[in-house]
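Engineer: Take a look at the following structure, please.
Quick note: the coordinates plus some simple rules give every number you see, no bench work behind them. Because the structure is a prediction, the values reported are computed rather than measured. No Cβ is skipped: glycine too gets one built from the backbone with ideal geometry, and neighbour counts run over all protein chains shown.
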């Protein structure tokens, strides 16, 4: 705050940071690379690099351009907003520190939007499919009301310790970007279509496509909750339906890129076993 | 409720709690947010949420004591009825969050675990690791998604609220908002609008707040005539990790779990911190505040850390101010279980493991106690009248404010782990109040003449077009940096009248310059440049209200500290002289309260806020001196006790 930004560090660092950004003006438009250069500062992250770029609004060779669009929020890796592909790896741009990135690749930092979601503009993508996935698996506890009904069910510490890591999922989308089975679904707006019609058509397409690790893991979380499990059958319908658990190819990329180190493959394993049980049960219930 | 709709602006804890409560009562909601609501700033809250509980109750705690701690911690600047209601709801709020599946930490036996937070001697705080805000937000986000799937909620995410719409009688009948992707501006007719837009930390450039917390919603309501109260009360959190884009919070729970703040007794001792022997460490909070130790209220901890670095020259580093926050004496496993989330943040951003090496921290702007002025209706028991339409309503009928963007609950200083409570409580409590208001209104907003809404949209389209064509030459991003620097220097830990006067002039100059910004992007698709410039321009009314409120308040109260007007410690040792001194101290205290135990109320007149004062309702707990650590506190306390007893006899 009041603290001046000087630092005694004598470590060697470059005077300028080179940044190469894959830009796109809008949905369906061609993408193009653009080079930027910002003065190096101590403790910089990709967010502060993008902030400097917005302020100077000119490329490395001095051409005036519009600021690069990107999404960010908390800047401390709990909101999930600022996911992008940095030096070829999907991650949060707030916790991507420039010093570390230059160690990986000293000549420049490369920024690209995620490839599995439709680009809105530049580094901003539309992740509404991810939230739709949470709705598909009914990722909530179906309580009766919000009146005062006393405390919730008592839970063993070990159960809380299983559940807590799963509930830290911030819907950033890293696991989906890394997943070979998760393919981009991009629906373009038709002329004359209302917001509602466009929304409905998007959701229809999303609902046929693979859920991906994050929503599957949320289904597992709520299936394990003492009250949440009352909606287990409905969740299992979604998980065994089109785009459900069977689409997982077990590449295990999801768990490797999760910034919160959520045991996603463990969740997928649990969901898979529950899906088998659910299908057999349905067979006998017929 | 037939044909009635509500617009909720902001989808943090308060906005989501209000939304789900309204849905439960059958009212559909249009939810407008700058970001997908799951990413709202509430996710950043770390430490926990307070309530009196079964365990503390058996140690003498009660809802009343929680109420008392909150009011005393806030230096008596809150109206007491809303605070009382909140404290008495607190256990119920936590029960509800527990039912909604929040992964609160558990004791061995499976009960909710609790920890201690600042400004209290009881372990009131329930927590989910060190990401309690995130966990609470997700639980509410999930409930709102459930209502969304039933068609009761329409979400407008990546939409920017531009203004409330008022009808001829001055009632709020909707909102104008802009799609930040397509840039379309449209109206949302509504029978009531609830703003739950959070704090205004971005006015300070860098703070612990998320990029959405720019205060623009509150400012745009002010522009429509809403009053803004106690702007000058900005909480500076004692412990944050300095960064070039943001000052990242290091939760008070680090101290709640035993973290100790210290500096080497030798200035800028270059030895590794763990090799400095105990006797050469200065645990200044523990020494100066033996009762509360590292858990003194935030305003006090912040001033002490600031003081030890600035005035006593004991900063750990020479080039930059910071002190140690030390957890290295606590077992790793225990730390991971209770503080994992925040320790990972430190490790990730600083590259040092705080389980092995003491953290380096410094204060940062964190929370706005002030906010939109809202009303309340006091019940016969000193709380709030349930479902009364005036609760949480701004001075514009039909326009409500809840959560951090209202001013009701925290007075001059907020206690740790009370913000999550005030947000959820005000959201839940306001739902039925809004319903009562709508029931009392005939007709519905949807039936009002279309011209009213078209006119409101046209006004915003005009502003937007004006910004795109403006060629004033100013760079909005650089103006924002300057604004942040001025505000941080003049209106944080220590305030001084000359400096505040200069800052106001400078900020006014920046305001004018911000109005002549040139945009580098004049496009009509996802134009973040124009959205940012709009929010920058709208930061100024609140920035000015903060400066002016601070300038006019010649006293020290909670987070507002002006050394020139500080109440002195007692000096004499002789008992008689000391008693006399204590008596004079109490006279001065009473005089100060007569003048300044008042909320400042800012209303916008053109480019400047006008400030008036409103008395504070202290009906349940009479104000008493806030004496944490003051020399002579015993004598003052005794004198004050005698005085109040005499007064009680006199009025009986």
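Engineer: What fraction of the Cα pairs in chain A, stated in percent, has a spacing above 31 angstrom?
Structural biologist: Roughly 39 percent, rounded to a whole number.
Engineer: Can I ask one more? By the gyration tensor of its Cα atoms, with a ≥ b ≥ c the square roots of the eigenvalues, what is the shape of the stretch B:237-363: rounded for a/c under 1.5, prolate for a/b over b/c, or oblate?
Structural biologist: The shape class here is rounded.
Engineer: Oh, and also: Using 7 Å Cα-to-Cβ label points, what is the residue B:278/residue B:380 separation (nm, one decimal)?
Structural biologist: 5.8
Engineer: If you don't mind, there's one more thing I want to ask. How far, in nm, would the chain grow between residue B:266 and residue B:631 when pulled straight, counting 0.36 nm per residue and subtracting the alpha carbon separation?
Structural biologist: Gain on extension, residue B:266 to residue B:631, equals 128.8 nm.
Engineer: Next question. Test of understanding: extend the Cα→C-beta vector of residue B:223 to 7 Å, then name every residue of the stretch B:532-563 with backbone N under 15 Å from that spot.
Structural biologist: What the label zone holds, given the 15 Å backbone N cut-off, is B:532-544.
Engineer: If you don't mind, there's one more thing I want to ask. Give me the one-decimal Kirkwood hydrodynamic radius in Å for the stretch B:453-552, with the sum taken over alpha-carbon pairs. If you can, show how the numbers build up before the last one.
Structural biologist: Working: mean 1/r = 0.0686 Å⁻¹.
Averaging 1/r across every pair of different Cα atoms and inverting gives 14.6 Å.
Engineer: Shifting gears a bit: If R0 is 41 Å, what FRET efficiency do you get for residue A:285 and residue A:205 from their C-beta distance, rounded to 0.05?
Structural biologist: 0.85
Engineer: Let me ask something else about it. How large is log10 I(q)/I(0) at q = 0.05 Å⁻¹ when the Debye formula is applied to the Cα atoms of chain B, each weighted equally and without solvent?
Structural biologist: -0.22
Engineer: Considering only the protein assembly as shown, what is the antiparallel percent among its DSSP beta bridges, to the nearest 5?
Structural biologist: In the protein assembly as shown, approximately 75 percent of DSSP beta bridges are antiparallel ones.
Engineer: For A:159-171, what's the mean count of beta carbons from other chains sitting within 10 Å of each residue's beta carbon? Intermediate results must be reported in sequence, preceding the final value.
Structural biologist: Working: counts 3, 10, 5, 1, 4, 12, 3, 1, 11, 9, 3, 6, 5.
For this peptide, the per-residue mean of nearby foreign Cβ atoms is 6.
Engineer: Something else about it: By how many degrees, between 0 and 90 and to the nearest 10, does the Cα long axis of helix B:476-490 differ from the longest principal axis of chain B?
Structural biologist: The angle comes out near 30 degrees.
Engineer: A further question follows. Starting from a Cα-only point model with no solvent, please compute log10 I(q)/I(0) by Debye for the stretch B:571-651 at q = 0.24 1/Å.
Structural biologist: Log-scaled intensity ratios, in q order: -1.20.
Engineer: Let me ask you something else. GNM, chain A, Cα, under 10 Å: largest mean-square fluctuation among A:27, A:118, A:39?
Structural biologist: A:39
Engineer: Report, in cubic angstrom per residue, the convex hull volume of the C-alpha atoms of the stretch A:1-155. List each step's numbers first, then the result.
Structural biologist: On the way: hull volume 33.4 nm³, N = 155.
Taking the convex hull of the Cα positions in the stretch A:1-155, it is 215 Å³ per residue.
Engineer: Nearest 5 percent is fine: what portion of the DSSP beta bridges confined to chain B is antiparallel?
Structural biologist: Given both bridge residues lie in chain B, the antiparallel proportion sits at roughly 75 percent.
Engineer: Same structure, new question: At a 10 angstrom cut-off on C-beta neighbours, averaged per residue, how do the peptides A:180-186, B:70-76 rank from highest to lowest?
Structural biologist: Most protected by this proxy first, the peptides run B:70-76, A:180-186.
Engineer: Please list, short to long, the whole-number percent of alpha-carbon pairs of the stretch B:422-504 in consecutive 5 angstrom bins beginning at zero.
Structural biologist: Result, from short to long distances: 3, 10, 9, 8, 8, 11, 14, 14, 14, 8, 1 percent.
Engineer: So how do A:239, B:137, B:295 line up by other beta-carbon neighbours within 10 Å, fewest first?
Structural biologist: Working: A:239 25, B:137 30, B:295 21.
Listed from fewest to most nearby Cβ atoms, that is B:295, A:239, B:137.
Engineer: Moving to a separate point now. How crowded by other chains is A:122-135, given as the mean number of beta carbons from other chains within 10 Å of each beta carbon?
Structural biologist: 3
Engineer: What is the distance in Å between the Cα centroid of the stretch B:581-643 and that of the stretch B:494-520?
Structural biologist: Taking the Cα centre of the stretch B:494-520 as reference, the centre of the stretch B:581-643 is 30 Å away.
Engineer: Also: Where is the GNM fluctuation largest for chain A (alpha-carbon springs, 10 angstrom cutoff): A:20, A:63, A:121?
Structural biologist: A:63
Engineer: Roughly how many whole Å is it from the C-alpha centroid of the stretch B:176-200 to that of the stretch A:130-153?
Structural biologist: Here the answer is 26 Å between Cα centres.
Engineer: May I pose another question? Tell me the relative contact order for the stretch B:542-652 as a rounded percent, counting alpha carbon contacts under 8 Å between residues six or more apart.
Structural biologist: Numbers: 84 pairs, mean separation 28.9, N = 111.
RCO, the stretch B:542-652: 26 percent.
Engineer: So how far apart, in nm, are the two label points at residue A:186 and residue B:512 if each is 7 Å from Cα heading toward Cβ?
Structural biologist: 4.8
Engineer: Assuming a ≥ b ≥ c are the square roots of the Cα gyration tensor eigenvalues, decide whether the protein assembly as shown counts as rounded (a/c under 1.5), prolate (otherwise, with a/b larger than b/c) or oblate.
Structural biologist: Because its axes are fairly even, with a/c under 1.5, the protein assembly as shown counts as rounded.
Engineer: Now for a different question. What nm value, rounded to one decimal, do you get for the distance between residue B:648 and residue B:591 when each label is placed 7 Å out toward the C-beta?
Structural biologist: So the two model labels end up 2.7 nm from each other.
Engineer: Related question: Using the Cα gyration tensor of the stretch A:163-286, with a ≥ b ≥ c the square roots of its eigenvalues, what is the shape: rounded (a/c below 1.5), prolate (a/b larger than b/c) or oblate (neither)?
Structural biologist: Note, shape of the stretch A:163-286 comes out oblate.
Engineer: If each DSSP helix of 4+ residues adds -39,500 (n - 2.57) and the sum is divided by the residues in the protein assembly as shown, what number results at 222 nm, nearest 500 deg cm²/dmol?
Structural biologist: -12000 deg cm²/dmol, from helical runs alone.
Engineer: Would you kindly calculate the translational diffusion coefficient of the stretch B:33-158, applying Stokes-Einstein with the Kirkwood radius from alpha carbon pairs, for 20 °C and a viscosity of 1.002 mPa s, and quote it in µm² s⁻¹ without decimals?
Structural biologist: Using the Kirkwood radius from Cα pairs, D works out to 134 µm²/s.
Engineer: While we're on this one: Fully extended, how many nm does the chain gain between residue B:465 and residue B:481 (0.36 nm per residue separation, minus their Cα-Cα distance)? Show your work: numbers first, answer last.
Structural biologist: Values: separation 16, 0.36 × 16 = 5.76 nm, distance 2.49 nm.
Answer, rounded to one decimal: 3.3 nm.
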